[in-house]
Amino acid sequence: MEHNIFSTREELDFRTNESYKTLRTNIQFCGDDIKVISLTSCMPSEGKTSVSFNLAVSFAEAGKKVILIDADLRRSVLAGRYRVGEVQGGLTHYLIGEKKLDEVVKDTDINNMDVIFAGATCPNPAELLNHQRFEDMINILKEIYDYVIIDTPPLGSVIDGAIISRICDGAVLVLEANLISYRFAHDVKEQLKKSNCKILGAILNKVPIDKQGYYGRYYGKHYGKYYGASEEEKDQKKLKKSQA
């Protein structure tokens with residue numbers, strides 16, 4: 001399991017890819033001191049892991065050296081989702097002292113991007129993440145990588161995300177559209193604030209983009225004329241202009 005990690009990943013469509021480029025740029029505008037970024041959500045299955053992964057890929061594609069850390073030690077889905085096979089050493093193995101850091105950092109087929117998988121499940125994830133060994137690891141990685149992206153458990157379910165965020169430069173909250181109530185999101189944001197980590201913003205995920213909905217009409221009107229037209233449509237527009 002070396003350079004073929006993530007080789008089976010699906011390519012993003014144009015709109016999604018542009019969204020991650022925008023997210024990447026917005027984070028860069030937050031300042032050069034924002035290097036360690038945690039991502040959390042209110043509930044499981046809001047797309048937090050996919051956002052973490054694709055954000056890391058976007059940074060790597062921009063020439064930044066980045067490492068993605070799967071810190072969801074309770075219900076990790078990263079390795080299974082991308083079918084990377086059995087993970088020999090992960091974050092839990094390092095935190096309990098079974099593996100050295102260079103043994104759990106895995107290189108990938110994505111240039112500039114490495115990954116640390118969660119590893120084996122453990123009975124005390126909050127205690128491990130709250131240990132000085134985890135903070136020391138993050139400080140080491142900050143010196144090696146331009147960006148450290150940490151996928152954390154849903155903060156609306158367990159406290160792990162806040163524990164991790166206390167040693168991060170910034171945090172991002174992933175919210176699934178039409179699922180999370182304003183009050184629930186507000187409560188999770190307040191819990192995140194208690195970690196004294198700078199909240200960079202929120203990502204509205206799984207937004208239905210269709211021609212009937214608001215988002216579909218907006219993007220179709222403002223972006224479709226620049227990016228969405230087929231070659232035939234472009235030729236027709238040129239012809240109309242020449243006839244005018």
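The values are calculated or read from the model by the stated rules, or taken from the named source; none is laboratory data. A quick note: this is a predicted structure, and the numbers were derived from the prediction, not measured. Methodologically, a virtual Cβ is constructed for each residue, glycine included, from the backbone with ideal geometry; neighbour enumeration extends over all protein chains shown.
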query = In the range 61-76, what count of residues is obtained for those that are at pLDDT below 85 and charged (D, E, K, R)?
reply = 1
note = Note on the range 109-124: residues farther than 16 Å from Ala71 by Cα and out of contact with any Leu (no Cβ under 9 Å at 6 or more places or on another chain) are Asp109, Ile110, Asn111, Asn112
query = Since Val188 meets every condition but one in (1) of a type in the set (A, V, I, L, M, F, W, C); (2) within 17 Å of Val36 (Cβ to Cβ); (3) buried (at least 21 other Cβ atoms within 10 Å of the Cβ), which condition does it not meet?
reply = (2)
remark   = Restricted to the range 186-200 and to residues being touching a Gly at 6+ places or on another chain (Cβ under 9 Å) and not basic (Lys, Arg), the residue farthest from Asn139 (Cα to Cα) is Asp187
request  = Looking for whichever is assigned to a strand (DSSP E or B) and either among the hydrophobic types (A, V, I, L, M, F, W, C) or on the phi < 0 side of the Ramachandran plot (or both) here; the options are Asp136, Asp114. Which one fits?
outcome  = Asp114
request  = Look at Ile203 and say whether it is among the β-branched types (Val, Ile, Thr), crowded, with 16+ Cβ neighbours inside 10 Å and in contact with a helix residue (DSSP H, G or I) (Cβ under 7 Å, 6 or more places away or on another chain).
outcome  = yes
ask   = Mind checking which residues of the range 98-111 are touching a strand residue (DSSP E or B) at 6+ places or on another chain (Cβ under 6 Å) and not in a loop (DSSP other than H, G, I, E, B)?
value = Val104, Lys106, Asp107
message = Residues to consider are Glu135, Glu143, Glu127; find the one that is farther than 25 Å from Gln28 by Cα and among the charged types (D, E, K, R).
response = Glu127
ask   = Applying the selection to the range 62-80, what residues are touching a residue at least 40 places away in the same chain (Cβ under 8 Å) and in a helix (DSSP H, G or I)?
value = Leu78
Enumeration of residues in the range 139-162 that are in a loop (DSSP other than H, G, I, E, B) and either surrounded by 21 or more Cβ atoms within 10 Å (Cβ to Cβ) or touching a strand residue (DSSP E or B) at 6+ places or on another chain (Cβ under 8 Å) (or both) = Tyr145, Asp146, Thr152, Pro153, Pro154, Leu155, Gly156
query = Counting just the residues of the range 21-41 that are crowded, with 20+ Cβ neighbours inside 10 Å and among the hydrophobic types (A, V, I, L, M, F, W, C), which one comes out farthest from Glu176 (Cα to Cα)?
reply = Val36
ask   = Residues in the range 151-158: is at least one out of contact with any Gly (no Cβ under 9 Å at 6 or more places or on another chain), among the β-branched types (Val, Ile, Thr) and more than 16 Å from Val66 (Cβ to Cβ)?
value = yes
ask   = Going by the conditions given, is Tyr94 under 28 Å from Asn26 (Cα atoms) and not β-branched (Val, Ile, Thr)?
value = no
task = Could you pull out the residue among Ser41, Ser58 that is touching a Pro at 6+ places or on another chain (Cβ under 7 Å) and small (Gly, Ala, Ser)?
result = Ser41
remark   = Taking the range 77-106 and the residues there that are surrounded by fewer than 15 Cβ atoms within 10 Å (Cβ to Cβ) and farther than 17 Å from Met137 by Cβ, the one that is modelled with the highest pLDDT would be Gln88
inquiry  = Checking the conditions here, which among Ser181, Ser195 is buried (at least 16 other Cβ atoms within 10 Å of the Cβ), of a type outside the set (A, V, I, L, M) and free of Cβ contacts under 8 Å to residues at least 60 places away in the same chain?
reply    = Ser195
